[in-house]
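Shown next, in structure tokens, is the structure this report addresses.
Please treat every number below as a calculation from the coordinates, not as lab data. Here the structure is a predicted model, which means the values were calculated and not measured. When we count neighbours, we look across all protein chains shown, and the Cβ atoms used for this are built from the backbone with ideal geometry, even at glycine.
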Amino acid sequence: MKLSIVIPCYNESDSIKLLINKLQSIINKDIEVIIVDNGSNDETSITIENIKLPENIKVLKLEENLGYGNGIIQGLKITSGEIVSWTHADLQTDPYDVIKGYQKHQHALIKKQCIVKGRRKNQAFFEKIITWGMSIYCSFQLSKILIDINAQPKIFHRSFLDLLNSAPLDFSFDLYMLNSFKTQKIKIETIPVYFKKRLYGEPKGGGSNLRGKFKIIIKTINYVKRLKKKI
């Protein structure tokens, strides 16, 4: 297997069928997808069970939601691809972005010294301000250039899976991974990704309103403080 794509899902019963249809149109025998049902308490599991999946789309069901990061970690642990990746299930970004990122990664001279990530291009003004503000704050505090931290997908060689041993289980996971790559002086390439309006449901990170966004910012600041102490 050349490429593994991990997609954590939490209460995505309305969008999961459309997601799987899109995945079936872009994957081939060299690509596997791990859909992680991250402790959903809606009809996500039932919806997936009623879909006939090809062999290279697998489902990992977690009984309890221990966090966004944990869903990705558990999915990555059962991948078999030389190159691994993760992206979101909400279809705000196109699953094909992973393929575009993989193609760019294949041009890297040394694949174990490069990762590829998304960089959002059409965020709403307020969202863009938050993204840039947190990028500047994290970059300053951790003494590394960290841009658009939570943009998906992220694609890298499986030799980096050892980093999962110390990874946080919540939404700090993306920041932890990027900081770890930067610490090891790994080159980070980007591809443009274009954000779409969410078709179904609400964002799962609690950032659907001003109060939710404020909570995420505070959690990120607290995690950066803890990470800085370890450094």
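Quick check for you: which residues of region 65-100 have the amide N under 19 Å from the point 7 Å beyond the Cα of N122 toward its beta carbon?
88-100
Looking at region 1-96, which GluC sites (Glu not before Pro) are DSSP coil and have at most 15 other C-beta atoms within 10 Å of their C-beta?
Numbers: sites: E12, E32, E43, E49, E55, E63, E64, E82; in loops: E12, E43, E55, E63, E64, E82.
Here the GluC sites (Glu not before Pro) that fit, given the DSSP loop and packing criteria, are E43, E55, E63, E64, E82.
For mean projected area of the Cα convex hull in nm², the choices are [x] 18.5; [y] 19.3; [z] 11.7; which was calculated from the structure?
After the calculation, the listed value that fits is [z].
Please work out the FRET efficiency for the pair S159 and Y96, using the Cβ-Cβ distance as r and a Förster radius of 25 Å; give the result to the nearest 0.05. List each step's numbers first, then the result.
Numbers: r = 25 Å, r/R0 = 1.02.
About 0.45, to the nearest 0.05.
With each label point set 7 Å from Cα along the Cα-Cβ vector, what nm distance links Q106 and F214?
Result: 4.8 nm between the two label points.
Once you have the Cα-Cα distance between T183 and E64, take 0.36 nm times their residue separation minus that, and quote the gain in nm to one decimal. Walk me through the numbers before you get to the answer.
Working: separation 119, 0.36 × 119 = 42.84 nm, distance 3.19 nm.
Full-extension gain reported as 39.6 nm.
Which of these, G39, G71, G201, has the largest mean-square fluctuation under a Gaussian network model of the chain (Cα springs below 10 Å)?
Fluctuation is largest for G201.
Under a plain spin-label model, where a point goes 7 Å from the Cα along Cα-to-Cβ, how far apart in nm are N41 and K197?
Placing both labels 7 Å beyond Cα along the Cβ direction yields 3.0 nm.
Between region 53-129 and region 158-199, what's the alpha-carbon centroid distance in Å?
9
Using 1/(1 + (r/R0)^6) with R0 = 25 angstrom and r between the beta carbons of Q24 and T190, what's the FRET efficiency to the nearest 0.05? Don't skip to the answer; put the middle values down first.
Working: r = 27 Å, r/R0 = 1.08.
Computed FRET efficiency for Q24 and T190: 0.40.
Given the pairs K77/K215; K2/K182; K2/K230; K58/K187; K196/K228; K144/K229, which span a C-alpha to C-alpha distance of over 27 angstrom in this model?
On the way: K77/K215 30 Å; K2/K182 24 Å; K2/K230 35 Å; K58/K187 30 Å; K196/K228 34 Å; K144/K229 15 Å.
In this structure, K77/K215; K2/K230; K58/K187; K196/K228 lie more than 27 Å apart at Cα.
Give me, ordered by chain and number, the residues 5 or more places off D94 or on other chains with an amide H under 5 Å from its own placed amide H.
Y194
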